[in-house]
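In what follows, a structure is listed as structure tokens, so that the remarks can point back to it.
We did not get these values from a lab; they are worked out from the coordinates using the rules stated. What you see is a predicted model, and the numbers here were worked out from it, not measured in a lab. All Cβ positions, glycine included, derive from the backbone under ideal geometry; neighbour counts span all protein chains shown.
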């Protein structure tokens, strides 16, 4: 069975587009992905979840990170994404529509 995880952007009405984007893969791929993603979260310092907005602002789960630590952690998350066979569906709809 295929599973997809999708998030939105631009839903606040302040962007010219409303975008839905994410990743889809088989359940088997997601199980392997989760194991690797959790290993990054469990690194030092441990995190409970990942939000890019918090990484950018060094707040929330990234409170206390230096910019260099944040960048290293982001690269670890990126590596997990790139190591798995994920499909990348996305759609952009003009806000005026």
Using only the alpha carbons of the stretch 43-86, what is the convex hull's orientation-averaged projected area in square nanometres? 3.2 nm²
Going by how many other beta carbons lie within 10 Å of each one, how would you line up 51, 96, fewest first? 96, 51
Return the equivalent ellipsoid semi-axes of the chain as a descending list in whole Å, where each equals the square root of 5 times an eigenvalue of the C-alpha gyration tensor. 25, 21, 9
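What is the order of 49, 17, fewest Cβ neighbours within 10 Å to most?
Fewest to most other Cβ atoms nearby, the residues stand as 49, 17.
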Calculate for the chain the 222 nm mean residue ellipticity that helices alone would give, adding -39,500 (n - 2.57) per DSSP H run of length 4 or more and normalising by residue count, nearest 500 deg cm²/dmol. -12000 deg cm²/dmol
